[in-house]
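Everything below concerns the one structure shown next.
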Amino acid sequence: MGAIMVSVAHEVALLAILPVPIIVTGSFIYQRRIGVRYSKVRGKVADLNSLLNNNLHGITTIKSFTAEKREVDRVEEASTSYREANREAIRLSASFVPIIRMAILFAFTANMLVGGWFALEGKISLGAYSVIVFITQRLLWPLTRLGETFDLYQRAMASTSRVLDLLDTEIGIVEGDTKLEQVKGEISFNDLGFSYPDRETVLEGVNLTIPAGETVGLVGSTGSGKTTLVRLLLRFHDPNSGSVSLDGHDVRDLTLESLRGSVSLVSQTTTLFPGSVRDNILYGNPSADDEAVVEAARVAEALPFIESLPRGWDTDIGEGGHRLSGGQRQRIAIARAVLKDAPVLVLDEATSNVDNETEAALKRSIEKISVGRTTLIIAHRLSTVRNADTIAVLGNGSISETGTHEELLSGNGLYPRLWAVQTGEVSQ
Ligand SMILES: Nc1ncnc2c1ncn2[C@@H]1O[C@H](COP(=O)(O)OP(=O)(O)O)[C@@H](O)[C@H]1O
Ligand SMILES: [Mg+2]
């Protein structure tokens, strides 16, 4: 096509081709500017979504603080800045295509005029002139689509790059390939050191061994790193120094399935899933039969309340388990752990948030299920771990004392002081 034009009249051909580099350069500049605006729109919509998500989950807190007005204002603000960001992007995007069309129209008109003038002057034949007009149109008109394509591309890129950023996040935990057949459940923390990224050191030189089948109580003040120890055991993080081992194997060498499959965790805030009570308990072991589920509920002392629910076992728990009391939720969590029947049981402040009656019930359940199982009971209240085979005190990043309740009480460490405060022998 170009060849035809150049052979006909190179001046006219030049006129037809001239707008092409201008349009392409302009498009690239535009692309860079609209890309920034589209990313801003994606960012704003993410802010708005997370605010709404938080508000829906925290609706009880919001209402109890009568903070509805404040939250409405925040949503309004987020939604306004989303709209503004969108407007900025649309303003640029809407002007781009017409500008390209104008440039093309300009080139087309110039081409027609100059070509027409050349034809009148007799410099080119009439036939050549019509070929030029026709061909210029064929050459330039598709360029109008270029703008639309660039716009679509940037819009898609803004979304894609958010997803790709996530995918690019390095996978921190790479599982090992040792499978454990028969887990006895000996756990040891060996000279363990850990800190969260960009935070102060949490653990430094933690040494603690829990022999298979024994019950160890772990106490320590809030923020001393008790939950962190559990997270290291389950490999949600890896230690900076030292190691955690299960039956003598470094947890980093084990498959995640054999590691996590060996541990039942009951934590302070239990997650129940939408679905029936039965489904939630079955979560611990989906292939269990009805009899095992009922037995697990019985051990967890959850049976009476489950049977008194309007639809019994089929009662829908609702999102986040909101329709049950804290104590009831915790009993379901224990039943779930019982059903999982793992060799290691970890209770992380499982009884901290419940009433006295539930705590007593949970303690009875724990005593039953800890038989023949390695059990780690983390508690703030010392009375919860009083009967453990060994009690370990975590303070200043390491285990400062270990022993039975009596042994620790007769020592002169942190434990006797904590005990005195908690039993009311001395005032805080
Ligand atoms: N995901 C996290 N990122 C950064 N710091 C954390 C994280 N989780 C806990 N921490 C910090 O680590 C310390 C120990 O926390 P944690 O193990 O939860 O204590 P405990 O369970 O004994 O109350 C605290 O100072 C806490 O702020
Ligand atoms: Mg904790």
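The values are calculated or read from the model by the stated rules, or taken from the named source; none is laboratory data. A quick note: this is a predicted structure, and the numbers were derived from the prediction, not measured. Note that we place each Cβ from the backbone using ideal geometry, even for glycine, and neighbour counts take in every protein chain shown. What goes into the accessible areas is simple: the full protein's heavy atoms, side chains included, and nothing from ligands, DNA or RNA. Shrake-Rupley method; radii C 1.70, N 1.55, O 1.52, S 1.80 Å.
For region 137-172, what are the residues that are of a type in the set (Val, Ile, Thr) and either modelled with pLDDT of 80 or more or touching a Ser or Thr at 6+ places or on another chain (Cβ under 9 Å) (or both)?
Taking region 137-172 first, the residues of a type in the set (Val, Ile, Thr) are 144, 149, 160, 163, 169, 171.
Across region 137-172, the qualifying residues are Thr149, Thr160, Val163.
Can you find even one residue in region 164-176 that is over 30 Å from Phe96 (Cα atoms), over 25 Å from the mean Cα position of the chain (by Cα) and surrounded by 12 or more Cβ atoms within 10 Å (Cβ to Cβ)? No, that holds for no residue.
If you go through region 246-262 and pick out every residue that is open to solvent by less than 10 Å² (accessible area, probe 1.4 Å) and over 22 Å from the mean Cα position of the chain (by Cα), you end up with 4. Restricting the first member to region 209-238 and to residues that are over 22 Å from Lys363 (Cβ atoms), and the second to residues that are away from ligand 1 (no atom under 13 Å from the Cβ) and of a type in the set (Lys, Arg), the beta-carbon pairs closer than 7 Å and six or more apart or on different chains are Ala212/Lys184; Leu234/Arg260; Asp238/Arg252. Against the list (1) small (Gly, Ala, Ser); (2) loosely packed, with under 14 Cβ neighbours inside 10 Å; (3) not assigned by TED's automatic domain parsing to the domain that holds Lys40, the condition Gly127 fails is (3). Of all residue pairs spaced 6 or more apart or on separate chains, those with beta-carbon atoms under 7 Å, a first member in region 374-386 that is more than 22 Å from Ser262 (Cβ to Cβ) and open to solvent by less than 20 Å² (accessible area, probe 1.4 Å) and a second member that is among the polar types (S, T, N, Q) and not in a loop (DSSP other than H, G, I, E, B) are Leu382/Gln422. Among the conditions (1) among the hydrophobic types (A, V, I, L, M, F, W, C); (2) at pLDDT 80 or above; (3) surrounded by 11 or more Cβ atoms within 10 Å (Cβ to Cβ), Leu56 misses just one, which is (3).
Of Phe273, Phe236, which residue is among the aromatic types (Phe, Trp, Tyr), within 16 Å of ligand 1 (Cβ to nearest atom) and surrounded by fewer than 16 Cβ atoms within 10 Å (Cβ to Cβ)?
That would be Phe236, the only listed residue that is among the aromatic types (Phe, Trp, Tyr), within 16 Å of ligand 1 (Cβ to nearest atom) and surrounded by fewer than 16 Cβ atoms within 10 Å (Cβ to Cβ).
Considering the conditions (1) more than 17 Å from Val344 (Cβ to Cβ); (2) open to solvent by 70 Å² or more (accessible area, probe 1.4 Å), Gly395 is excluded by exactly one of them, (2).
For the residues Glu214, Glu200, Glu204, the requirement of being under 25 Å from Leu409 (Cβ atoms), away from ligand 2 (no atom under 16 Å from the Cβ) and in the same structural domain as Ser370 (by TED's automatic domain parsing) singles out Glu214. Here is the figure for region 312-355: residues that are within 16 Å of ligand 2 (Cβ to nearest atom) and open to solvent by 20 Å² or more (accessible area, probe 1.4 Å) total 3. For Glu295, the requirement of being in a loop (DSSP other than H, G, I, E, B), among the charged types (D, E, K, R), out of contact with any strand residue (DSSP E or B) (no Cβ under 9 Å at 6 or more places or on another chain) and more than 16 Å from ligand 2 (Cβ to nearest atom) is not met.
Whether any residue in region 61-84 is of a type outside the set (S, T, N, Q), assigned by TED's automatic domain parsing to the domain that holds Phe150, open to solvent by 60 Å² or more (accessible area, probe 1.4 Å) and not in a helix (DSSP H, G or I) is what I want to check. Yes: one or more hits.
The condition (being of a type in the set (Gly, Ala, Ser) and within 16 Å of ligand 2 (Cβ to nearest atom)) is satisfied by just one residue among Ser245, Ser241, Ser221: Ser221. Tell me, which residue of region 185-203 that is open to solvent by 50 Å² or more (accessible area, probe 1.4 Å) and among the hydroxyl-bearing types (Ser, Thr, Tyr) is modelled with the lowest pLDDT? Filtering region 185-203 for residues that are open to solvent by 50 Å² or more (accessible area, probe 1.4 Å) and among the hydroxyl-bearing types (Ser, Thr, Tyr), the one modelled with the lowest pLDDT comes out as Thr201.
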